[in-house]
Amino acid sequence: MPLHVYNTLSRAKEEFKPLQPGRVGIYVCGPTVYGHPHIGHAKSYVSFDAIIRYFRYLEYKVLYVQNITDVGHLTDDADEGEDKIEQRSKIDKVHPMQIAEEYTQSYFEDMDAMGVLRADIYPRATGHIIEQIQMVEELLRNGFAYEVDGSVYFDVRKFGEYGKLSGRVLDEMVAGTRVDKRSDKRHPADFALWKKAEPGHIMRWISPWGEGYPGWHIECSAMSMKYLGQQFDIHGGGMDNQFPHHECEIAQSECATGKPFVKYWLHNNLVTVNGHKMGKSLGNFITLKDAFKKYDPLVLRFFILQSHYRSTLDYSDQAVQGAQTGYEKLINTVRNLRDELTTHPPAERNTDVSSAVNSLKAKFLSAMNDDFNTPQAIAVLFDGVKEVNQLLGGDVKKAFPELNAFDAFFDNCAGEILGILPDKLDAQALEGGSLEPTLVELLLRVRDAARTEKAFALSDKIRDGLSQLGIIVEDRKDGTRWRKS
RNA sequence: GGCGCCGUACCCAAGUGGUAAGGGAGAGGUCUGCAAAACCUUUAUUCGGCGGUUCGAAUCCGCCCGGCGCCUCCA
């Protein structure tokens, strides 16, 4: 089955057909950098990372753009609140750009730890003020926007298709919307393209309408089109951005260019904690830095990929711990497999293709082709784990071709595509040049001698002591192995 | 109030017309001095409830119950 993706725009799974053969242009809404990233960010960016990795695995030439929002994102009431970055900067008494810089770095740090590959371009909103102004001018020229006292608003009633992404009807929307009597807007759903900067506002730029700053939605339209063209394949982001953010992006972009904006809209679902949405404003969010204190970042990545990107994911210690145990099982098996292949290399490289592995790989790819069904793909990985462990427990020499094929399978599927294999998996790898491995092995030789003399009290003492230092000792039929926990 | 999503074992979670994946936890067994790891067996006659369509439904339709999301910033 060819790749199918769920398109929010059509509310259906569609076969993926790129605008240009062999190429994929994708834009994913990035973070607003005014705080440390949390588990919710991780779900979004890990999900899209797996998606990007899969496109690359399928040998598409991918151009992946992700914005960094460092201006224009307001708190509270749309278009009436305070800029989030600027608000934070006042609390911390530093320049807004210091806030943006600090949390951008924090974001990259956490994403790197989780094996999220960097996007090709990370445009900053403040670095694209000119492009945004140009787009606002274009919208004014085309009659889709109006200026009031130094601010420019998009006139939603001029765009008949407004609401097509989120399935909203303008007239019905008004009923539930708070209407600010003082607002300059002609229609409550109109949104700011450019805002006049009040005195005291720090982040401000010169524009044809006086000093001001860009609205939140305009940055994504201006920057995505700058790097991906007026039309591109995929736009992704969290479900909570479907409305109003993405709806507004469509309106602005299509009115500015007169062309359909994005072919496929992909939205990941949200993370809940105790059944409730986790959000910055709700104060119930768990930052990644806190989560990393308890769990390996790759365990969290695995936990995220064990549920589908369009499903909600409920975060709980019980659930993550379960994922951790499962993850360790997977990693252990891959480690043992590689260990076996390197310590007892086969006399000759057998290139026979194993049908068992091929069948698993086909299942894996077919799961990924079905709208990136990573939970199902991971289940296939575990089928492989079982088979490998059986082979490792049997006649290893005979199974070598098969084991080789499995090694490649895990490399491709778990490593390259899902990104859940650690960089260094070498069985007993410790920091290079360290005395540690030598010492551990010395201790294990002493322990082995004790075991031969049935001095089990002593041998157990060594094992327990090493265990407390984070070194796991396992006695197997063919000798004692150790690894770091 | 409007729009939408979800409810699968003790927990997490796939499956969306052909007779219940996977992970964790539990139970029994093999191996082992023990432990760990691994392997084998086992754990939902059943998918929130009630009706309907169908040869056949967890999957489609209707109603009801329960939970959540968006409609205001949020990944």
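The values are calculated or read from the model by the stated rules, or taken from the named source; none is laboratory data. Keep in mind that this is a model prediction, so the values were computed, not measured. Note that we place each Cβ from the backbone using ideal geometry, even for glycine, and neighbour counts take in every protein chain shown. Surface areas here come from the heavy atoms of the whole protein model, side chains and all, with no ligands, DNA or RNA. Shrake-Rupley method; radii C 1.70, N 1.55, O 1.52, S 1.80 Å.
Assuming 1.567 mPa s and 4 °C, estimate D for chain A with Stokes-Einstein, Rh taken as the Kirkwood radius over Cα pairs, in µm²/s. All intermediate terms of the calculation are to be shown ahead of the outcome.
Values: Rh = 25.3 Å.
It diffuses with D of about 51 µm²/s by this estimate.
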Could you give each residue of the stretch A:302-309 its phi-based ³J(HN,Hα) in whole Hz, using Karplus coefficients 6.51, -1.76, 1.60 with θ = phi - 60°, and x for Gly or Pro?
4, 4, 5, 6, 6, 10, 6, 5
Give me a comma-separated list of calculated 3J(HN,Hα) values for the stretch A:27-40, in order, Karplus coefficients 6.51, -1.76, 1.60 applied at θ = phi - 60°, integers in Hz, x for any Gly or Pro.
10, 10, 4, x, x, 8, 8, 10, x, 6, x, 10, 4, x
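For A:Asp371, A:Asp184, A:Asp395, give me the order by solvent-accessible area with a 1.4 Å probe, most accessible first, ignoring ligands, DNA and RNA.
Highest to lowest solvent-accessible surface, that is A:Asp395, A:Asp184, A:Asp371.
What do you reckon, how do A:Arg53, A:Arg445 stack up by accessible area (1.4 Å probe), largest on top? Intermediate values should be presented prior to the final figure.
Working: A:Arg53 30, A:Arg445 150 Å².
Per-residue accessible area, sorted high to low, gives A:Arg445, A:Arg53.
Can you give the Kirkwood hydrodynamic radius of the stretch A:338-417 from its Cα pairs, in Å with one decimal?
Hydrodynamic radius (Kirkwood, Cα only) of the stretch A:338-417 equals 13.0 Å.
For the stretch A:1-138, compute Rh as the Kirkwood radius over C-alpha pairs and then the Stokes-Einstein diffusion coefficient at 10 °C and 1.306 mPa s; write the answer in µm²/s, rounded to an integer. Don't skip to the answer; put the middle values down first.
Numbers: Rh = 17.0 Å.
Roughly 93 µm²/s, to the nearest whole number.
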A:Gln318 versus A:Asn358, label points 7 Å from Cα toward the beta carbon: distance in nm?
4.5
If I take every Cα pair under 8 Å that is 6 or more residues apart in chain A, average their sequence separation and divide by the length, what percent do I get for the relative contact order?
17
Where A:Leu270, A:Leu469, A:Leu458 fall by accessible area, highest first, once all protein chains stay in place (1.4 Å):
A:Leu469, A:Leu458, A:Leu270
Just to verify a number: what accessible area does A:Thr480 come out at with the full protein assembly present, 1.4 Å probe, Å² rounded to tens?
50
What is the distance in Å between the Cα centres of the stretch A:273-314 and the stretch A:1-60?
19
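Using helices alone, I'd like the mean residue ellipticity at 222 nm for chain A: each DSSP H run of four-plus residues gives -39500 (n - 2.57), total over residue count, nearest 500. All intermediate terms of the calculation are to be shown ahead of the outcome.
Values: 15 runs with 212 residues, N = 485.
Here the helix-only value at 222 nm equals -14000 deg cm²/dmol.
D for the stretch A:436-484, whole µm²/s, Stokes-Einstein with Kirkwood Rh over alpha-carbon pairs at 10 °C and 1.306 mPa s: what number?
Numbers: Rh = 10.7 Å.
This corresponds to a translational diffusion coefficient of 148 µm²/s.
Which value, in debye to the nearest 20, gives the size of the charge dipole of chain A about its Cα centre, when Lys and Arg are +1 and Asp and Glu are -1 at the Cβ?
Numbers: 58 positive and 69 negative charges, 148 e Å.
The calculation lands at about 720 debye.
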Probe 1.4 Å, all chains present, heavy atoms only: A:Ile472 accessible area in Å², nearest 10, is 50
Using a 1.4 Å probe and ignoring any ligands, DNA or RNA, find the accessible area of A:His95 and quote it in Å² to the nearest 10.
90
For the stretch A:462-485 and the stretch A:191-270, distance of Cα centres in Å:
55
Need one number: % antiparallel among DSSP beta bridges in chain A, to the nearest 5.
55
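So if we plug the beta-carbon distance of A:Lys17 and A:Lys454 into 1/(1 + (r/R0)^6) with R0 = 51 Å, what FRET efficiency do we get, rounded to 0.05? If you can, show how the numbers build up before the last one.
Details: r = 69 Å, r/R0 = 1.36.
Efficiency computed from Cβ-Cβ geometry: 0.15.
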How large is the dipole of the stretch A:436-484 about the Cα centre if only Lys and Arg carry +1 and Asp and Glu carry -1, each at its Cβ, rounded to the nearest 20 debye?
100
HN-Hα J in Hz across the stretch A:242-256 - Karplus 6.51, -1.76, 1.60, θ = phi - 60°, x for Gly and Pro
4, 10, x, 3, 6, 4, 5, 4, 4, 4, 4, 5, 6, 6, 6
Below 8 Å between Cα atoms, with a sequence gap of 6+, how large is the relative contact order for the stretch A:233-301 in percent?
33
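State, as an integer percentage, the relative contact order of the stretch A:436-484 based on alpha-carbon contacts under 8 Å between residues 6 or more apart. Walk me through the intermediate numbers first.
Details: 31 pairs, mean separation 10.8, N = 49.
After rounding, I find 22 percent.
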Probe radius 1.4 Å, ligands and nucleic acids ignored: give me the carbon and sulfur share of the accessible area of chain A as a rounded percent.
50
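Please tell me which of these pairs span more than 24 angstrom C-alpha to C-alpha: A:Lys164/A:Lys363; A:Lys17/A:Lys226; A:Lys43/A:Lys90? Can you show the working numbers first?
Working: A:Lys164/A:Lys363 35 Å; A:Lys17/A:Lys226 22 Å; A:Lys43/A:Lys90 30 Å.
The answer is A:Lys164/A:Lys363; A:Lys43/A:Lys90.
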Starting from the amide H of A:Val273, placed 1.01 Å from N in the peptide plane, find each other amide H under 5 Å away whose residue is 5 or more places distant or on another chain.
A:Met278, A:Tyr315
